[in-house]
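Notes for the one structure printed next.
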Amino acid sequence: MIIVGVGVGPGMLTEEAIEAIKNAPVVYGSKRAIETAEQYITGKANKIRDYKNLHLLPDDAVILSTGDPLFSGLGKYASKNDRIIPGISSLHLACARLGVNMTNLAAITAHGRGGNHSKHLLVQELKLGKNVLLLPDASFGPNEVAEVLNELDINADIYTCEELGYPNERITGGNKTKPPEVQSKLYCIMIVQK
């Protein structure tokens, strides 16, 4: 199978991704992924119902992954013989929007991993002086990030980047005493140390 990153939002597909999608006899993905790539789909499009059984799909099937498949995406289901085409992720777009250099950046996904595990990883990276892009979880968002910054006595800006790449994109800044509030379920957090 071919796992294709469709990017974080509309207009974020690479030329290589578009070519793979156009040539695919069958495309699988989430509703959002299919909608993002629909103008390039020439074969049959199917919504993924069981992510754990992706390995049972035909070898020539294209699997659409929102963002980049290897940043909290469907790349985790690839076998060594599968092809992965990267996409423009929330990490790339958030760094570009905020002017944050990626050379001192750590990427953490809290999504589905729970607060304690995420907190441990965040503490590690912050103590190393890293800026952090965090994919949040319902149990670990801006308020929990602010608590960690307070506990460590680290001065940093906290940004929430909502609906990146979409027309209603919204970036809000805050800090450990007044973390930004989110209005969307589709967001990431950027922590920039001072």
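The values are calculated or read from the model by the stated rules, or taken from the named source; none is laboratory data. Note that this is a predicted model, so its numbers are computed, not measured. Backbone-built Cβ (ideal geometry, glycine too); neighbour counts: all protein chains shown. For accessibility, only protein heavy atoms count, side chains too; no ligands or nucleic acids. Shrake-Rupley method; radii C 1.70, N 1.55, O 1.52, S 1.80 Å.
A few comments on the model shown:
- ASP60 being in contact (Cβ under 8 Å) with a residue 60 or more places away in the chain and either touching a strand residue (DSSP E or B) at 6+ places or on another chain (Cβ under 9 Å) or aromatic (Phe, Trp, Tyr) (or both): no
- Residues of segment 62-85 satisfying the condition of being within 15 Å of the chain's Cα centre (by Cα), surrounded by fewer than 24 Cβ atoms within 10 Å (Cβ to Cβ) and assigned to a helix (DSSP H, G or I): GLY75, LYS76
- Look at segment 180-191: where a residue is under 19 Å from HIS92 (Cα atoms) and a partner is of a type in the set (D, E, K, R) and assigned to a loop (DSSP other than H, G, I, E, B), sitting 6+ places away or on another chain with Cβ atoms under 7 Å, you get LEU186/GLU163.
- Residue that is in contact with a Cys (Cβ under 6 Å, 6 or more places away or on another chain) and on the phi < 0 side of the Ramachandran plot, where the choices are ILE171, ILE158: ILE171
- Pairing residues of segment 7-23 that are outside any loop (DSSP other than H, G, I, E, B) with residues that are crowded, with 21+ Cβ neighbours inside 10 Å and not β-branched (Val, Ile, Thr), at Cβ distances under 7 Å and at least 6 apart in sequence or on separate chains, gives GLY7/LEU13; GLY7/GLY67; GLY7/GLY87; ALA17/GLY5; ALA17/GLY87; ILE21/ALA37.
- Flag for THR103 being buried (at least 16 other Cβ atoms within 10 Å of the Cβ) and in a helix (DSSP H, G or I): no
- Members of segment 1-11 that are open to solvent by 20 Å² or more (accessible area, probe 1.4 Å) and either of a type in the set (Gly, Ala, Ser) or at pLDDT below 95 (or both): PRO10, GLY11
- Annotation note: Cβ proximity below 7 Å between a residue of segment 98-113 that is closer than 18 Å to GLY141 by Cα and among the hydroxyl-bearing types (Ser, Thr, Tyr) and a residue that is open to solvent by 50 Å² or more (accessible area, probe 1.4 Å) and outside any helix (DSSP H, G or I) (sequence gap 6+ or interchain) occurs for THR109/SER72.
- Test for GLY87: is it within 25 Å of GLY165 (Cα to Cα) and out of contact with any helix residue (DSSP H, G or I) (no Cβ under 9 Å at 6 or more places or on another chain): no
- Among residues of segment 128-151, those that are over 15 Å from LEU105 (Cβ atoms), open to solvent by 30 Å² or more (accessible area, probe 1.4 Å) and either in contact with a helix residue (DSSP H, G or I) (Cβ under 9 Å, 6 or more places away or on another chain) or not in a helix (DSSP H, G or I) (or both), counted: 6
- Residue ID - farthest from SER72 (Cα to Cα), chosen from residues in segment 157-193 that are at pLDDT 95 or above, open to solvent by 30 Å² or more (accessible area, probe 1.4 Å) and among the charged types (D, E, K, R): LYS178
- Restricting ALA33, ALA24 to those that are within 22 Å of GLU163 (Cβ to Cβ) and open to solvent by less than 30 Å² (accessible area, probe 1.4 Å) reduces the list to ALA33.
- Residue match in segment 37-55 (condition: closer than 19 Å to GLY75 by Cβ, crowded, with 18+ Cβ neighbours inside 10 Å and out of contact with any helix residue (DSSP H, G or I) (no Cβ under 8 Å at 6 or more places or on another chain)): no
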